[in-house]
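Bear in mind these aren't lab numbers, they're just calculated from the coordinates by the rules spelled out. Everything numeric in this text was worked out from a predicted model, so none of it was measured. Ideal geometry is used to build each Cβ from the backbone, glycine not excepted, and the neighbour counts take in all protein chains shown.
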């Protein structure tokens, strides 16, 4: 854990009121150890799932609605990309190499690790009141005015204020809650619905989504939403200071390295 | 600076020991209860094992979703077929009258069946979805004899743990555990949508496992071997697909 000389505390770091005047004081980290570890495991899994998901889609870049769909039926839409299967009509004169074997294996393995990590995060987040303390916005913040302000600031390339460096603004809070409690559960649900074994034990998980092919299409769009979140998340991290924020998620300390001994 | 107190060191040491021994016990139990797939090795073995073990615990007896007749896909897609062998063409020319399904291994009475023999047993059907690992799927009515019926006829020995099934296509074979082999929807399938199984769909005889992905539903079945150990087959990974990098268990 970070042990700081209070004299060296950077101006914008939040100093909890309980910090005493003792020369050496423990400052609670910007992100708890568990949040940091689960964040980076999830990051690794996310990239593995994204890469292998793209490879799997390449073998059939057509999407359908309802229960069934093959190259003999009309798709809802088709991605304008080449395919790794000869029988998929793509308009390209070549077929990409098949990568589905390892892609499927890594996709499911990464999904297992991501889901177990996510469970650990959510359970500990409830026990340590992480969600209520750090993510659920206060009533006062839930005004259109506050929302608009937090939305407009980054659009004007305004760096976050000192207070925001140690906590999240209302828009961040709502986005993180949406990703954690809506997008992740949806992507897991629609993914599990594609498992024939799982669906045999829990058929409602497919029927509620409108059928197997609907589940696959939903899985695709929720993944797209998660990729969009990743881009916005990275843009915000860059705006706030890439190294200080990334450092905070690694070491738990906020600020630039220079400010610490 | 990292400040490790003695208490922290002892607690994390104990936790690590408990975790490691817990894992060892879990591995022993998983072996004992048949929760470890034959392709458990390698970097993806963790994922394969977690999937297989959890699905065996959750879905051992569950039935694949069945559909009303009105939802049968008008044009079932047979996917790409490897060039047919000369032997196959010869049998096809004879209307598959000489097609044989032989059954051997850990059975009381090794036997061989013609398609007519298989059709003489009580036939069963289900209207289920065939889903390919690529992403597409269609619904068809599958008609055949439950694999369990044939296994009862030949008398499977109690030590049996897997059924290895081999295609007439070169280098095409796979295997299933007894939970799948005895599952009521697992068919040796000889007809589809009311007609003899067309050759592009694996006629005259195909393995039909509606709870597993298409590539496990191998076409042109000629041979079943009952065994207690998959190490004796090929590279010991349970299927030709697993040797080519595709998972053995495909309930996912």
Order of A:170, A:227 from fewest to most other C-beta atoms within 10 Å? A:227, A:170
Just the Cα atoms of the protein assembly as shown, one point each, no solvent: what log10 I(q)/I(0) does Debye give at q = 0.07 Å⁻¹? -0.51
Below 8 Å between Cα atoms, with a sequence gap of 6+, how large is the relative contact order for chain A in percent? 25 percent
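Cut-off is 10 Å between beta-carbons; in what order do A:104, A:156, B:124, B:90 appear when sorted fewest neighbours first?
Values: A:104 23, A:156 6, B:124 15, B:90 10.
Result, fewest neighbours first: A:156, B:90, B:124, A:104.
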Order by neighbour count: B:17, B:85, fewest other Cβ atoms within 10 Å first, most last. B:17, B:85
If you take every DSSP beta bridge whose two residues both sit in the range B:38-243, what share of them, in percent to the nearest 5, is antiparallel? 90 percent
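Across peptide A:57-64, what mean number of C-beta atoms from other chains lies inside 10 Å of a residue's C-beta?
Numbers: counts 2, 1, 5, 5, 2, 3, 1, 3.
What the average comes to for A:57-64 is 3.
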GNM result for chain A, Cα springs below 10 Å: residue of A:117, A:70, A:42 fluctuating most strongly: A:70
Which of B:15, B:108, B:53 ends up with the largest GNM mean-square fluctuation for chain B, with Cα atoms connected below 10 Å? B:15
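Rank-order A:72-82, B:185-195 by packing density, defined as the average count of other C-beta atoms within 10 Å over each peptide's residues, highest first.
Working: A:72-82: 13.7, B:185-195: 20.8.
Those peptides, ordered most packed to least, come out B:185-195, A:72-82.
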Other protein chain Cβ atoms within 10 Å, averaged over every residue that makes up A:98-109: 6
Where does chain A land at 222 nm, in deg cm²/dmol rounded to the nearest 500, when only DSSP H runs of n ≥ 4 count, each adding -39500 (n - 2.57), divided by all residues? -17500 deg cm²/dmol
Can you tell me which of B:112, B:120, B:102 moves the most in a GNM of chain B? Springs connect C-alpha atoms under 10 Å apart. B:120
Could you give P(r) for the range A:31-259, binned at 10 Å from zero, as whole percent values over all Cα-Cα pairs? 7, 26, 31, 21, 13, 2, 0
Separation of alpha-carbon centers, the range A:173-235 and the range B:86-104, rounded to whole Å: 46 Å
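Under the definition of Cα pairs under 8 Å and six or more residues apart, what whole-number percent is the relative contact order of chain B? Before the final figure, lay out the partial values.
Values: 413 pairs, mean separation 50.2, N = 252.
Once divided by the residue count of chain B, the mean separation gives 20 percent.
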Using Cα-only point scatterers and the Debye equation, what is log10 of I(q)/I(0) for chain B at each q in 0.07, 0.11 Å⁻¹, rounded to two decimals? -0.29, -0.62
Run the simple label-point estimate for residue A:176 and residue A:128 please: 7 Å along Cα→C-beta, distance reported in nm. 1.1 nm
